[in-house]
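I have placed the structure first, in the form of structure tokens, so that the comments after it can refer back to it.
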Amino acid sequence: MSPSALAPLWEVLNNLVLPEPSSPAKVHRWHYAEARDYLMRAGDLISAREAERRVLILKNPGLGGEAAITRSLYAGLQLVLPGEVAPCHRHSQSALRFVLEGTGAFTAVDGEKAIMRPYDLVLTPGGQWHDHGNTSEQPVIWLDGLDIPTVTHFDASFAERLGEDAHPQTRPAGDTLARYGRNMRPLPGSMADTRPAGQALFHYPYAEWRGALSKLAETKAPDPHDGYALEFFNPATGGPIMPTISAQAQMLPAGLVTRPRRASAGAVIVVVEGSGELRIGDETMAVEPRDIIAVPAWKPLVIDAWSDLTLFAFSDRAAQQALNIYREHLA
Ligand code: GTQ
């Protein structure tokens, strides 16, 4: 029957409808120093403008050559050298940027700049114009996290170039942070802003999220599964940062060994500060700052903090919750 494009379900049913998630994605850790060497060599060979985006893709070794770090998410390391620009474009895919090195590059979203500092989180949600530039004297490197495989899965990708390097400035740098980043929002009327409805904040500075975790750690006992953990959220909706991607920051105090947790959401962890060991399924790995780790769906995760350990993570939990398929289990 296969020439007629038909197949018997009974031979494959158990592989199609699994009793629980079984991802082909592998647990994998990228050492920053090693990836950085290749990225700097790319910097000698191609300009950001020529490349449009000078990025090394983090390809999960279990996903057969796909540009994916988990089944639904993409990650890449982007380098912008002093004086360079990454020209303005927009696309259906939603992106986050997590700065790993360098101070003073910017991402502009619909013509408003966010000045990027190490470990800042910056969003470029789907459909919004964005361009990047580096006006500092140092190379700037950040991790791109996008929902490329998710959008590909739906065959729903649209992309276009503005045709200019930079979007004309629409608001001064920091305007959105002032309107939404202080647990307040614009009054209707004169203060109402022009950001797209539902996409308010796009810059979550390290100084603010790290300060919040430190404050929690002063007074409260750590959670046995999470230590001290906070989710980045969209203050306009109370929901996740973007429709397809959730993100969180976490601090595990020295000596904490977390209890195992697993989730149907595949995740990417970035080590910010400290050292420790991650146990993910059968794999055990020592980690250090700026390491990037792929955590496939449903692999139990245990974190052993050797010193105070600060982590950033993003996952497809937002998409799964919107589709009502998300599950987690705390052991
Ligand atoms: O900066 O828009 O790593 O479109 C991959 C695709 C970055 C970006 C990536 C992209 C971008």
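Using the Cα centre of the stretch 185-331 as the reference point, and only Cβ charges (+1 on K/R, -1 on D/E), how large is the resulting charge dipole? Debye, rounded to the nearest 20. Working shown, then result.
On the way: 13 positive and 16 negative charges, 90 e Å.
Computed charge dipole of the stretch 185-331: roughly 440 debye.
Determine the sum of side-chain charges near D144: Lys and Arg each +1, Asp and Glu each -1, restricted to other residues whose C-beta is under 12 angstrom from that of D144.
With Lys, Arg at +1 and Asp, Glu at -1, the net is +2.
Please give the charge dipole size of the stretch 207-250, origin at the Cα centre, charges +1 on K and R Cβ atoms and -1 on D and E Cβ atoms. Round to the nearest 20 debye.
Value, rounded to 20: 80 debye.
Per DSSP helix of 4 or more residues, -39500 (n - 2.57); summed, then divided by the residues of the chain. What does that give at 222 nm, rounded to the nearest 500?
-4500 deg cm²/dmol
Return the FRET efficiency for the residue pair I57, A331: r is the Cβ-Cβ distance, R0 is 25 Å, and the value is rounded to the nearest 0.05.
My answer for the efficiency is 0.15.
Please compute the modelled spin-label separation between D282 and L9, points set 7 Å along Cα→Cβ, answer in nm with one decimal.
Label at L9, label at D282, 3.3 nm between them.
Take each of the peptides 224-231, 282-289, 76-83, average the number of other beta-carbon atoms within 10 Å over its residues, and list them starting from the highest.
Averaged packing, sorted descending, gives the order 76-83, 224-231, 282-289.
Determine the sum of side-chain charges near K299: Lys and Arg each +1, Asp and Glu each -1, restricted to other residues whose C-beta is under 11 angstrom from that of K299.
+2
What residue among M251, M40, M184 shows peak mean-square fluctuation when the chain is described by a Gaussian network model with Cα springs under 10 Å?
Of M251, M40, M184, the most mobile in the Gaussian network model is M184.
With unit charges on the beta carbon (Lys/Arg positive, Asp/Glu negative), name the residue among T152, P260, A221 whose Cα is farthest towards the positive pole of the charge dipole of the chain.
A221
Is the shape of the chain best called rounded, prolate or oblate, per the rule: a/c under 1.5 gives rounded, else a/b larger than b/c gives prolate, else oblate, with a ≥ b ≥ c the square roots of the Cα gyration tensor eigenvalues?
Rounded, since a/c falls under 1.5.
I need the GluC sites (Glu not before Pro) found in the stretch 136-229, filtered to DSSP loop residues with at most 13 other beta carbons within 10 Å of theirs.
E137, E164
Loop-only trypsin sites (Lys or Arg not before Pro) in the stretch 149-184, please: DSSP not H, G, I, E or B, and at most 14 other Cβ atoms within 10 Å.
Sites meeting the loop and neighbour criteria: R182.
Putting +1 on Lys and Arg Cβ atoms and -1 on Asp and Glu Cβ atoms, find which of N324, A305, L13 reaches farthest to the positive end of the dipole of the chain.
Sorting the options by dipole projection puts first N324.
Which shape class applies to the stretch 177-320: rounded if a/c is under 1.5, otherwise prolate when a/b exceeds b/c and oblate if not, where a ≥ b ≥ c are the square roots of the Cα gyration tensor eigenvalues?
Prolate, since a/c reaches 1.5 and a/b exceeds b/c.
What net charge do the residues around P243 carry, taking every other residue with its C-beta under 11 Å from that of P243, with Lys and Arg at +1 and Asp and Glu at -1? All intermediate terms of the calculation are to be shown ahead of the outcome.
Details: positive: none; negative: D147, D316.
With Lys, Arg at +1 and Asp, Glu at -1, the net is -2.
Rank L309, L18, L63 by mean-square fluctuation in a GNM of the chain with C-alpha springs under 10 angstrom and give only the top-ranked residue.
L18
Rounded to the nearest 20 Debye, what is the dipole magnitude of the chain about its Cα centre when Lys and Arg each give +1 and Asp and Glu each give -1 at the C-beta?
540 debye
Values quoted throughout were computed directly from the atomic coordinates according to the rules given, and no laboratory measurement underlies them. Remember, it's a predicted structure, so these values are computed and weren't measured experimentally. Glycine also receives a Cβ, built like all others from the backbone with ideal geometry; neighbour counts cover every protein chain displayed.
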